[in-house]
Amino acid sequence: MELRHLRYFVAVAETGSLTEAAEKRLFTSQPSLSRQLRDLEVEIGAQLLVRGPRGVTLTSAGQAFLDHARLALLQAAEAVAAARRTARPAKTSFAVGFLTGQEVEWLRHVTHLLRDELQTIDFRVTSDFSPAIAAAVERGEIDLGFSRIEPQPNVTYKVIAHEPIVVVLPREHPLAIKREIDPREIDPQSFIGYADAPHVLRGIVERYFSERGLAMAPTRFLDGYATGISLVASSKGVTLLPAYVEALLPASLVSRPLAGNGPVIEIAAGYRADNPSPTLAVFLRNIDRLADARAAEAGGD
């Protein structure tokens with residue numbers, strides 16, 4: 001008995017048809033398939049299949065044989081996979097997490113920096129809220145996280161950029177005609193505030209308003225850039241968001257800088273210093289190149 005006999009039998013049992021099994025599963029001729037199945041029944045010494053006008057059904061012996069045949073094929077496939085894994089060890093994985101939306105800004109710079117390493121590693125990318133990215137780095141689920149500075153016991157941060165915070169508002173809003181917006185011109189009732197998730201952004205903006213003696217009275221709250229954009233578009237309100245969202249705004253919305261000394265927010269690369277990843281080591285040796293490349297691009301923009 002050979003593995004092909006088991007494959008033929010399982011294919012016929014699962015399709016219930018010699019023709020379908022031969023043509024669509026096994027890519028062989030029906031007479032050849034029938035001959036192989038007869039040989040299998042002769043070797044076993046029991047009838048496994050009943051051939052009828054409406055297809056093929058299993059005998060009780062065939063039903064008992066089917067479970068073992070499937071298991072044998074599964075074990076054979078696993079044996080092949082184990083041999084291949086040993087002969088060709090799995091690639092080392094390297095996982096990078098981005099604060100949602102920041103992959104637009106940074107992913108191409110990361111892949112350029114690691115272009116030689118990418119040929120030999122399994123490179124994974126995820127995105128999430130900033131606190132979740134930092135927590136994933138802390139737990140060792142990702143090797144590198146691009147986020148705000150979120151205090152975690154074992155996460156080290158390297159600030160790689162300072163982004164200006166800009167006003168996002170509808171294109172037809174009266175303030176949209178201005179080249180820059182004085183924060184005192186923002187209607188406190190129309191301002192869209194912040195939920196708990198973007199707490200770093202919330203703290204910076206609240207401090208910015210407080211230092212200028214301004215008090216907003218939001219009735220709507222965003223928990224991420226996508227929600228903020230949607231709320232501005234649907235409510236015709238105004239909010240403050242990091243400048244990286246400018247590339248993501250629909251045609252109905254615009255951004256404007258704040259007048260004077262506007263607030264900025266940091267973007268940092270977070271990692272565990274005890275992570276032995278060689279790819280992480282390459283990244284950290286070249287992290288200044290990464291920051292310089294993005295700064296040069298921003299300057300060009």
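Bear in mind that the values in this text are calculations on the coordinates, not laboratory data. Just so it is clear, the structure is predicted and the values come from calculations on it, not from any experiment. So basically every Cβ, Gly included, is an ideal-geometry build from the backbone, and we count neighbours across all protein chains shown.
The share of C-alpha pairs in the stretch 1-87 whose separation exceeds 21 Å stands at 30 percent.
Hey, got a sec? Which GluC sites (Glu not before Pro) in the stretch 132-206 land in a DSSP loop and have at most 11 other Cβ atoms within 10 Å? Write down the numbers at each step before the final one.
Values: sites: 138, 141, 172, 180, 185, 206; in loops: 141, 172, 180.
Passing sites in the stretch 132-206 are 172.
Along its first, second and third principal axes, ordered by size, the stretch 159-285 spans 53, 33, 27 Å in Cα coordinates.
Between residue 282 and residue 206, the FRET efficiency from the beta-carbon distance, with R0 = 41 Å, is close to 0.60.
Among residues other than residue 156 with Cβ under 10 Å from its Cβ, the summed charge is +1 (Lys and Arg +1, Asp and Glu -1). When +1 charges are put on Lys and Arg Cβ atoms and -1 charges on Asp and Glu Cβ atoms, the dipole computed for the chain relative to its Cα centre reaches about 740 debye. Here the stretch 198-301 is assigned +1 on the Cβ of each Lys and Arg and -1 on the Cβ of each Asp and Glu. Its dipole about the Cα centre then comes out at about 240 debye. Each of residue 124 and residue 46 was given a label point 7 Å from its Cα along the Cα-to-Cβ line. The distance between the two points is 4.4 nm.
Residue separation times 0.36 nm, minus the C-alpha to C-alpha distance between residue 176 and residue 289: what's the value?
On the way: separation 113, 0.36 × 113 = 40.68 nm, distance 3.62 nm.
37.1 nm is the gain from fully extending residue 176 to residue 289.
Converting phi to 3J(HN,Hα) with the Karplus coefficients 6.51, -1.76 and 1.60 and the offset θ = phi - 60°, the stretch 152-163 yields 9, x, 10, 9, 9, 10, 10, 5, 10, 6, 10, 9 Hz in sequence order, with x at every glycine or proline. Where in the stretch 25-66 is the amide nitrogen less than 17 Å from a point lying 7 Å along the Cα-to-Cβ axis of residue 77? In the stretch 25-66, the label zone of residue 77 (backbone N under 17 Å from the point 7 Å along Cα→Cβ) covers 25-27, 66.
Extension gain residue 156-residue 59, at 0.36 nm per residue separation less the Cα-Cα distance, in nm? Mind showing how you got there, number by number?
Numbers: separation 97, 0.36 × 97 = 34.92 nm, distance 6.54 nm.
Full extension of this stretch gives 28.4 nm more.
Projecting the Cα atoms of 250, 45, 224 onto the dipole axis of the chain, where Lys and Arg carry +1 and Asp and Glu carry -1 at the beta carbon, places 45 farthest toward the positive end. Candidates 114, 153, 175 compared by Cα position along the dipole of the stretch 104-177: farthest toward the positive end lies 175, with charges placed on Cβ. The orientation-averaged projected area of the convex hull spanned by the Cα atoms of the chain comes to 24.9 nm².
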